1. As I understand it, the value is the acute angle between the Cα axis of helix 164-187 and the longest principal axis of the Cα atoms of the chain; what does it come to in degrees, rounded to 10?
2. For the chain, what is the convex hull volume of the alpha-carbon atoms per residue, in Å³?
3. Within a 10 angstrom radius of the beta carbon, how do 6, 163 rank from fewest other beta carbons to most?
4. Which angle between 0 and 90 degrees, to the nearest 10, do you get for helix 14-24 versus the longest principal axis of the chain when only C-alpha atoms count?
5. If each residue's Cβ is checked for other Cβ atoms within 10 Å, how do 136, 187 rank with the fewest at the top?
6. If each residue's Cβ is checked for other Cβ atoms within 10 Å, how do 196, 12 rank with the fewest at the top?
7. Taking Cα centroids, how far is the range 184-203 from the range 92-141 in Å?
8. At q = 0.18 Å⁻¹, work out log10 I(q)/I(0) for the range 2-67 with the Debye formula, treating every Cα as an identical point scatterer and leaving solvent out; two decimals please.
Ligand code: GRF
């Protein structure tokens, strides 16, 4: 049966679009679910309209705490029949209850080679540190900060003529490749998780 994929996004939504496009074109065997955002002005909301998707603004200021916000997020996701949640540039940590409700069913995209440079501004962190390679990582979200089991990684070289912007651009291109690919593998039930390790099953 086709899985239903829903999204969390806070920003411009290029990763959201990369995945949604593949689902809309049947390159990923799934149905589009809903988009939840914590930012009324997120570009992702406009993109969602193009795919005929419903999006919901879940205003963190309208809730006394993260737990009650996430309780409502779960309600929305469940009423859309969500099987997989894709955090496509969602800039908030997810709480214990949300993570355990969707255990091993939330995929995040991170713009660095984890476990290096977790948290925010990872491209800048890598540039400032002087590493010669960086990249991006897809992983399942657990209770820690960018610490869950790794699904895929892609490497990007940092050359002496690179800037934070050029590195970010190169990383973003790879994000748009490995995030849809990771979602596709999940939807084809080709992902097995053993402890920290993700095993990709061949067909
Ligand atoms: C991406 O760099 C992603 O890795 C990070 O947030 C950014 C979101 O970009 N988690 P976009 O909204 O998908 O364009």
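1. It works out to around 50 degrees.
2. Looking at the chain, the number lands at 124 Å³ per residue.
3. 163, 6
4. For 14-24 against the chain, the angle is about 60 degrees.
5. Ascending number of Cβ neighbours within 10 Å: 187, 136.
6. If I rank by nearby Cβ atoms, fewest first, I get 196, 12.
7. 19
8. -0.62
Every read-out reported here was derived from the displayed coordinates using simple, explicitly stated rules and does not represent laboratory data. Since we're looking at a predicted model, the values are computed, not measured. Neighbour counts are summed over all protein chains in view; Cβ atoms, including those assigned to glycine, are modelled from backbone coordinates with ideal geometry.
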